[in-house]
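See structure below.
The values are calculated or read from the model by the stated rules, or taken from the named source; none is laboratory data. What you see is a predicted model, and the numbers here were worked out from it, not measured in a lab. Cβ placement follows ideal geometry from the backbone for every residue including glycine, while neighbour counts extend to all protein chains displayed. Keep in mind that these areas ignore ligands, DNA and RNA; they rest on the heavy atoms of the full protein, side chains included. Shrake-Rupley method; radii C 1.70, N 1.55, O 1.52, S 1.80 Å.
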Amino acid sequence: MLIKGGNANLTVTEVLKDIYAVKKPFAVLYKKKNITRPFEDQTSLEFFSKKSDCSLFLFGSHNKKRPNNLIIGRMFDYHVLDMIELGIEKFVSLKDVKNSKCPEGTKPMLIFAGDTFDLNEEYRRLKSLLIDFFRGPNVPNIRLAGLEYVLHFTAVDGKIYMRSYKVLLKKSGCKIPRIELEEMGPSLDLVMRRTHLASDDLYKLSLKQPKALKAKKKKNISHDVFGTAYGRIHMQKQDLGKLQTRKMKGLKKRPAEKSVEEDGGISPKKTKSA
C-alpha cells in the first residue's frame with residue numbers, strides 16, 4: 001500500500017504514482033492525504049494494513065526538517081515490524097523518459113550492487129525490504145520473453161541509486177539472443193535517514209512458516225539448484241549370467257567351430273595343391 005502524508009509535495013506525489021504504476025495491479029494507492037507520523041505513531045498504518053490486507057507499505061511526506069521523505073516498511077501480524085526512512089535527492093519520472101514501457105504486472109528482475117548491502121545490518125534489512133516490496137507473486141514457470149524488466153539498486157558512498165531498465169532481445173545469429181538494456185524510469189537517488197528495526201528474536205519469529213505451508217519431504221527424491229527433481233530407485237543385485245540377450249543369426253557358431261571346441265584343439269590349415 002502507498003500512502004501520502006498530510007504535507008506531501010509534488011515530487012513525493014509523483015514518486016508514489018510512478019511506483020504504483022510499476023507495482024500495478026499488486027498495490028493500493030491512497031490518494032487522500034493522511035496526517036500521521038509513522039516513527040511517532042503507528043496506529044494509522046496498522047489500521048490501513050488491516051483495511052487493505054497489506055503487509056508492505058510506502059509512506060511519502062515532506063517538511064522543512066526532512067524534505068522529500070519516503071518511509072518503506074513491512075508488517076507482522078498487522079503490527080509494524082521494521083521501517084526505514086529514505087530521502088529523495090534526485091528523481092526522474094516515467095513521463096520524463098520517452099522510451100517504451102513494460103506491460104502492467106510484469107515481474108521484475110532485481111539486481112543489488114555494492115558490498116554495503118551485505119556488510120551493514122541496516123542496508124541488509126533495506127535489501128530484504130526492497131526484495132519483498134518489488135518481487136511480486138511467485139510463479140511456477142518462466143519464459144524468456146517475460147524477462148523484460150530490471151530493477152537495479154546500487155549502494156555506494158552512503159547513497160542508494162535505483163534504476164529501471166527494459167530488456168531488449170536482439171538478433172545475435174545464434175539461439176541465444178543479444179541483450180540490451182534501455183532505461184525507462186523511474187530513477188531515484190536516495191539517502192538513508194532514520195531506521196526502526198525489529199529485534200533479532202521478533203525478526204526470526206516473522207520468518208517462521210506454518211507447518212501447513214511447509215512441503216512434506218518425500219523419500220529418495222532430491223532437487224538441484226535449478227529445481228530439477230531426481231529420484232533414487234533401489235533394486236536387487238542382478239545376476240548377469242541369467243540376462244536374456246537378443247539372439248542373432250550372425251552370432252551363431254558354425255559346425256566347424258563346434259567340432260573344434262569338442263576336440264579341444266585347433267584344426268590345421270589345409271595346404272593348397274599346385
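Points worth noting:
- Test: residue in the range 50-67 that is within 26 Å of LYS208 (Cβ to Cβ), outside any loop (DSSP other than H, G, I, E, B), over 22 Å from the mean Cα position of the chain (by Cα) and of a type outside the set (Ser, Thr, Tyr): yes
- Among residues of the range 221-246 that are touching a residue at least 12 places away in the same chain (Cβ under 8 Å), those with a beta-carbon under 6 Å from a residue that is open to solvent by less than 90 Å² (accessible area, probe 1.4 Å) at least six positions away or on a different chain give the pairs ARG232/ASN220.
- Test for LEU130: is it of a type outside the set (Lys, Arg) and under 30 Å from ASP41 (Cα atoms): yes
- Of the listed requirements (1) crowded, with 17+ Cβ neighbours inside 10 Å; (2) assigned to a strand (DSSP E or B); (3) modelled with pLDDT of 90 or more, MET75 misses just one: (3).
- Residue match in the range 87-103 (condition: over 25 Å from LYS159 (Cβ atoms), open to solvent by 70 Å² or more (accessible area, probe 1.4 Å) and not charged (D, E, K, R)): yes
- Scanning the range 124-140 turns up no residue that is more than 20 Å from the chain's Cα centre (by Cα) and modelled with pLDDT under 90.
- Within the range 1-36, the set of residues being in a loop (DSSP other than H, G, I, E, B) and touching a strand residue (DSSP E or B) at 6+ places or on another chain (Cβ under 8 Å) comprises MET1, GLY6, ASN7, ALA8, ALA27, VAL28, ILE35, THR36.
- Failed condition for MET83, given (1) open to solvent by 20 Å² or more (accessible area, probe 1.4 Å); (2) assigned to a strand (DSSP E or B): (1)
- Scanning the range 201-230 for residues being loosely packed, with under 10 Cβ neighbours inside 10 Å, under 24 Å from the mean Cα position of the chain (by Cα) and part of a helix (DSSP H, G or I) gives a total of 1.
- Where strands (runs of 3 or more DSSP E) sit wholly within the range 111-190, those with at least 2 residues that are open to solvent by 50 Å² or more (accessible area, probe 1.4 Å) and in contact with a Leu (Cβ under 6 Å, 6 or more places away or on another chain) occupy 178-183.
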